[in-house]
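The values are calculated or read from the model by the stated rules, or taken from the named source; none is laboratory data. The model shown is predicted, which means the values in this text are computed figures rather than measured ones. Glycine also receives a Cβ, built like all others from the backbone with ideal geometry; neighbour counts cover every protein chain displayed. Note: areas computed on protein heavy atoms with side chains; ligands, DNA, RNA excluded. Shrake-Rupley method; radii C 1.70, N 1.55, O 1.52, S 1.80 Å.
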Amino acid sequence: MASSAGLAQCGRALVVRGGSRLLATTTASSDDDGSLFTYDCSTAEKKSQENKGEDGQPVEKGSDTILASTFSKSGSYFALTDDSKRLILFRTKPWQCLSVRTVVRRCTALTFTASEEKVLVADKSGDVYSFSVLEPNECGKLELGHLSMLLDVAVSPDDRYVLTADRDEKIRVSWALAPHNIESFCLGHTEFVSRIFVVPDHPELLLSSSGDCTLRLWEYRRGQELHCCHLTSLQEPAGPQSDKRFAASRITYWSRDSCVALLCDCVPVVYIFQLEAPRRQLVYKQQLSFQHRVWDIAFEESQGLWVLQDCREAPLVLCRPVDGQWQPVPEDATVKKVCTQLRGHWAMLEGSAGVDEGFSSLYKATFDNMTTYLKKKEERLQQQLRKKRHKNPPPGPNGQTKKVKAGEASWSGSS
């Protein structure tokens, strides 16, 4: 899947990525531009020996486009994977590239363990590899595998469980120390599971989104679905996307008010929900509509909801609750500073403007072979009927078929 621009946030650190480049800054208004850090994957270390495919031939070289990225829990580390099959690990205080390691296949998602000792990387073939953070040059270790493409990976806050979401509608909960032991499956989605998110202050709860246009709440250890929200019922009837399938590309959470924000691909709308943990349900609050395409969203506990959009004049929008309703706030010093930095590096985001980040290729393909079968059956019956009529001609004027006697036939033939 192609990757558009992305946003990652932890504490006061903010990272914007686009194409092969990333820009790291801080939302602290007191800091100057000395806090700005940029990195280009195209200049990263190249391995002298290219990976070989299954047939032993060199595989196609990647474009260095960043596919996925994330912070560790404390924000001390940052990791990304790119289209050239590399895992790049950074230290953030101060920013420094620690290692560039090769992965087996192109990755779709990654996450740090809660202890920040490992990075778990999920790939397109359905495998999860772990890479050491403490030994930044150590090779990866295969942890578990699915039979279909993995789209997301997460860990429980106590590091006991690894949660994986795949294209075949499943969410698997595996033991971290023995991944071949499966604790449970969360089953109920009818399309691929695009995103999963373990709620930080309610570690027994899991949020998931899917191509079936639903947001679901689970008690994942038991594999029990607690609540299901159908996103299509929340759309405005007059909206241009009301009849289009879509899946969530980001789930983010604000612990202050137990607020869940959901961004869907191809829809310039952010859905806001309230998590009522004691009642085990999600309550829909509102939707934020934008004139420009929204690339990504992220909550900052001390600020609000950051929205990265395809607009050079205002690439970042900060939204906060005002009288119970979320809305964009006027530009303050922090927003102006970050937007100015992004405008100065807009070239890295320009390539994402035409990228249709999407899950369209992951939907189930439906084939209507019954129509073709019934048509051929009808043609076959008509052909059989014509043959039958040719063998048995229609009756004469008196209602009976005229039969020719053998003698008459020979006499007429001799004359």
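The table that follows gives values for the structure above.
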quantity: Filtered residues of region 138-166 (kept if in contact (Cβ under 8 Å) with a residue 40 or more places away in the chain, within 19 Å of VAL103 (Cβ to Cβ) and not in a strand (DSSP E or B)); calculated: GLY140, MET149
quantity: Close pairs (6 angstrom Cβ cut-off, 6 or more residues apart or separate chains): more than 28 Å from GLU204 (Cα to Cα) in region 219-240, part of a loop (DSSP other than H, G, I, E, B) and modelled with pLDDT under 85 anywhere; calculated: GLN235/SER242
quantity: Near pairs, Cβ below 6 angstrom, 6+ apart or cross-chain, from region 319-339 (outside any loop (DSSP other than H, G, I, E, B)) to any residue that is among the small types (Gly, Ala, Ser); calculated: CYS319/GLY304; ARG320/GLY304; ALA333/SER29; THR334/SER29
quantity: Residue count for region 87-102, restricted to those that are open to solvent by 10 Å² or more (accessible area, probe 1.4 Å) and either farther than 24 Å from THR26 by Cβ or β-branched (Val, Ile, Thr) (or both); calculated: 4
quantity: Members of region 69-85 found to be open to solvent by 10 Å² or more (accessible area, probe 1.4 Å) and either on the phi > 0 side of the Ramachandran plot or part of a strand (DSSP E or B) (or both), listed by number; calculated: SER69, THR70, PHE71, TYR77, LYS85
quantity: Residue that is farthest from the chain's Cα centre (by Cα) [pool: residues in region 293-333 that are of a type in the set (Val, Ile, Thr) and surrounded by fewer than 19 Cβ atoms within 10 Å (Cβ to Cβ)]; calculated: VAL322
quantity: Filter result for VAL294 (farther than 17 Å from CYS213 by Cα and hydrophobic (A, V, I, L, M, F, W, C)); calculated: yes
quantity: Condition broken by HIS189, with the remaining ones in (1) surrounded by fewer than 22 Cβ atoms within 10 Å (Cβ to Cβ); (2) in a loop (DSSP other than H, G, I, E, B); (3) in contact (Cβ under 8 Å) with a residue 24 or more places away in the chain satisfied; calculated: (1)
quantity: Residues (at pLDDT 95 or above and open to solvent by 30 Å² or more (accessible area, probe 1.4 Å)) located in region 150-171; calculated: PRO157, ASP158, ASP159, ARG160, LYS170
quantity: Qualifying residue in region 195-203 (condition: modelled with pLDDT of 95 or more, closer than 26 Å to GLN327 by Cβ, aliphatic (A, V, I, L, M) and not in a strand (DSSP E or B)); calculated: yes
quantity: Unique residue being farther than 22 Å from LEU275 by Cα and either touching a helix residue (DSSP H, G or I) at 6+ places or on another chain (Cβ under 9 Å) or at pLDDT below 95 (or both) when the list is PHE192, PHE185; calculated: PHE192
quantity: Residues within region 255-273 that are loosely packed, with under 14 Cβ neighbours inside 10 Å and closer than 18 Å to LEU206 by Cβ, tallied; calculated: 1
quantity: Region 107-131: number of residues that are open to solvent by less than 20 Å² (accessible area, probe 1.4 Å), over 19 Å from GLY62 (Cα atoms) and part of a strand (DSSP E or B); calculated: 6
